[in-house]
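Student: Provided herewith is a single structure, encoded as structure tokens, for subsequent inquiry.
We did not get these values from a lab; they are worked out from the coordinates using the rules stated. Since we're looking at a predicted model, the values are computed, not measured. Ideal geometry is used to build each Cβ from the backbone, glycine not excepted, and the neighbour counts take in all protein chains shown.
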Amino acid sequence: MGAKKHGMPAIVVICGGGHAKVIISILKKLREYEIIGYTDKSDKGNILNVPYLGNDEILVELIREKKCTSAAIGLGSVTISEQRKKIMSYLESINYSMPSIMSPHAVVNEDVIVGKGTVVLDGAVINSGSRIGECVIINTNSSVDHDCVIDDYVHVAPGATLSGLVRIGRNTIIGTGASIIHNVSICENCYIGAGSTVISNITEPGTYAGNPVRKIG
């Protein structure tokens, strides 16, 4: 296990589930990092030929021995959770950097800011003037139009559509195929159900679904 291959910096993937598999695939396409392995509570075998390294205790050893100083969080949120925030805080506390990872098959237009630890997956589009926070997931074939503001730890699920000037509060999930109309704000800690349509501001945390959405939890 070495830090570099063909001059590329090493990176470790945190967690070994389905989202981690997608991150590994994108890292391979980017050819900017050597993926030395993944960590998890249990060994899930090789993932796309990337080996299991151990649980998170191995991370301290890797950075102490300077075998790896970068990490990608492979945990995808499907429920409102602080888990990705906790992982990111831990990684920062032991001096890992978390680069933003943007698929070469995504479109990220001019004057877009993407925070550290954020991933932009295949087919996603982020249009000009948008500001994306830290540790955000812009998932497959989702669309973020001009001048949107997406706060930290948000997950925009596959096929979701955000029209222009939308604001999404931290730790919110926009479900698969959901639509948010122009100039709407959604507060933190919300779950917008799959296929839902948001046509007015949401100011109270909770679970919302329907066309248009209503609070259901």
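Student: Using the count of nearby Cβ atoms within 10 Å as a rough guide to exposure, how do HIS146, HIS182 rank from fewest to most?
Tutor: Exposure proxy ranking, most exposed first: HIS182, HIS146.
Student: Okay, next question. Please give the helix 83-93 orientation as an angle from the longest Cα principal axis of the chain, in degrees from 0 to 90, rounded to the nearest 10.
Tutor: So the inclination is approximately 40 degrees.
Student: Principal axis lengths of region 10-93 from Cα atoms, whole Å, largest first?
Tutor: That gives 33, 27, 24 Å along the principal axes, largest extent first.
Student: Separate question: Quick one: Kirkwood hydrodynamic radius for region 101-207, alpha-carbon pairs, angstrom, one decimal?
Tutor: 12.9
Student: For region 42-85, evaluate the Debye formula with one uniform point scatterer on each Cα (no solvent term) and list log10 I(q)/I(0) at q = 0.14 Å⁻¹, rounded to two decimals.
Tutor: Result of the Debye calculation: -0.46.
Student: Rank VAL144, VAL125, ILE180 by how far each Cα sits towards the positive end of the charge dipole of region 101-207 (+1 on Lys, Arg Cβ; -1 on Asp, Glu Cβ) and give me just the farthest.
Tutor: ILE180
Student: Quick check on region 147-217: what are the equivalent-ellipsoid semi-axes from the Cα gyration tensor, as sqrt(5λ), descending, whole Å?
Tutor: Numbers: eigenvalues 42, 34, 27 Å².
Semi-axis lengths for region 147-217 are 15, 13, 12 Å.
Student: Continuing with the same structure: With no solvent and one equal point scatterer per Cα, compute the Debye intensity ratio I(q)/I(0) for region 32-145 at 0.13 Å⁻¹ and report its log10, rounded to two decimals.
Tutor: Each listed q corresponds, in turn, to -0.56.
Student: What number, in percent, do you get for the relative contact order of the chain if the mean sequence gap of Cα pairs under 8 Å and at least 6 apart is divided by its residue count?
Tutor: 11
Student: Of the cross-linked pairs LYS85/LYS116; LYS28/LYS66; LYS29/LYS86; LYS86/LYS116; LYS29/LYS85, which ones have a Cα-Cα span greater than 18 Å in the structure shown?
Tutor: LYS28/LYS66; LYS29/LYS86; LYS29/LYS85
Student: Over all Cα pairs of the chain, how is the pair count split among 10 Å bins, expressed in % and running from 0 up to the last occupied bin?
Tutor: Whole-percent P(r) values from 0 Å outward: 9, 35, 33, 18, 5, 0.
Student: Can you give the charge dipole size of region 10-93 about its Cα centre, rounded to the nearest 20 debye, using +1 on the beta carbon of Lys and Arg and -1 on the beta carbon of Asp and Glu?
Tutor: 280
Student: Oh, and also: Would you work out the relative contact order for region 1-78, in percent, from Cα pairs under 8 angstrom that are 6 or more residues apart? Walk me through the numbers on the way to the answer.
Tutor: Numbers: 137 pairs, mean separation 31.7, N = 78.
Relative contact order comes out at 41 percent.
Student: Name the residues of region 11-25 whose amide N is less than 19 Å from a point 7 angstrom out from the Cα of ASN49 along the C-beta direction?
Tutor: Label zone hits: 11-13, 20-25.
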